[in-house]
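Just below is one structure, and these are the notes that go with it.
The values are calculated or read from the model by the stated rules, or taken from the named source; none is laboratory data. Please read these numbers as outputs of a predicted model, since none were measured by experiment. Here the Cβ is made from the backbone with ideal geometry for all residues, glycine too, and neighbour counts use every protein chain on show.
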Amino acid sequence: MLEIESYRQAAEPLVGRRVSTVHAPDPWYAKGGTTVEQLRDVLVGVRIEATRRIGKLMLLDTDGPVLGLRFGMTGRILVDEKAPIEALEYSSDRNDPAWDRFGLSFRGGGSMMIRDPRRLGGVELDPDESRLGPDALVVTKPEFAHVLSRSPSPIKARLLDQAQVAGLGNLLVDDILYRAGLAPQRPANSLSDDELSVLYRAMRRSLSTLGRRGGSHTGDLQVERFVGGRCPSDGAELRRDTVGGRTSYWCPEHQR
């Protein structure tokens, strides 16, 4: 989510531009029933009206359809051939135009491109925004408590559910739970009011701190995410478990 917010900010200069051509060479990259033919037919001539983001979904509002952009773990945006993030944790450090999966060129010059080595992102016209929960940057404490208190699922699984709170990914959630001192497999509805407050504050701190550092891969646990890694707080050996279908690193000493 933090990376996508950087992409959204980088795309703000596109507001007011009109699309001249659409680069859509990869049918796989068109999602949600959208086709590359529709992308080429519908987007030429539209004016970019605004940039938005809900969780990991970036949105370009136009005077026609809404264009939804998803980047997965390996997609990056280039605006006027400049990238706000030069490399991603789980992507290649090469910068190969052969990985350009979707792009727009504009009247009068300039461009926007998604470069995605592993094709984990996608593009969709008029995506269903109602399927996403409140964005993690703006979710209120009562909304957050409601999401957790009504589910017996593991805390981590609940936080990763984009329909509940949009934008939290694997690395971010591990960092949040580390700061909150909570084990990832704890049932979400087992948290006391005090623990819910601590978790909400930890989420706000993680988003703010990692946002300033440059992304979700800059968490305090990141350099210790390997078998035998040690907790930066107390030196205990980290556990490696699968929670919510994702690899989780956590400290059994202070995360309870």
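Residues that are within 18 Å of Arg225 (Cβ to Cβ), at least 3 per element: which helices (runs of 4 or more DSSP H) completely within segment 136-198 meet that?
Ranges flagged: 155-160, 170-180.
Name the one entry in Ser248, Ser206 that is in a helix (DSSP H, G or I) and polar (S, T, N, Q).
Working: Ser248 fails: in a helix (DSSP H, G or I).
None of the others qualify; the one that does is Ser206.
Mind listing just one residue for me: the one in segment 34-52 that is out of contact with any Asp or Glu (no Cβ under 6 Å at 6 or more places or on another chain) and in contact (Cβ under 8 Å) with a residue 60 or more places away in the chain and, of those, surrounded by the fewest Cβ atoms within 10 Å (Cβ to Cβ)?
Step by step, filter segment 34-52, then rank; the result is Gln38.
Is it the case that Pro117 is over 15 Å from Leu14 (Cα atoms), touching a helix residue (DSSP H, G or I) at 6+ places or on another chain (Cβ under 6 Å) and assigned to a loop (DSSP other than H, G, I, E, B)? Give the derivation first.
Working: over 15 Å from Leu14 (Cα atoms): yes; touching a helix residue (DSSP H, G or I) at 6+ places or on another chain (Cβ under 6 Å): yes; assigned to a loop (DSSP other than H, G, I, E, B): yes.
Yes.
Among the residues of segment 119-164, which ones are among the basic types (Lys, Arg) and either farther than 25 Å from Val243 by Cβ or within 16 Å of the chain's Cα centre (by Cα) (or both)?
Correct list: Arg119, Arg131, Lys156, Arg158.
Where the second residue is in a strand (DSSP E or B) and among the hydroxyl-bearing types (Ser, Thr, Tyr) and the first is in the same structural domain as Leu43 (by TED's automatic domain parsing) and lies in segment 60-80, which pairs have Cβ atoms under 7 Å and are six or more apart or on separate chains?
Partner pairs satisfying both residue conditions: Leu60/Thr51; Asp80/Ser111.
Taking only pairs six or more apart or across chains, which ones have beta-carbon atoms under 8 Å, a first residue in segment 241-256 that is without any contact (Cβ under 8 Å) to a residue 40 or more places away in the chain and in the same structural domain as Arg158 (by TED's automatic domain parsing), and a second residue that is assigned to a strand (DSSP E or B) and polar (S, T, N, Q)?
Thr242/Ser248
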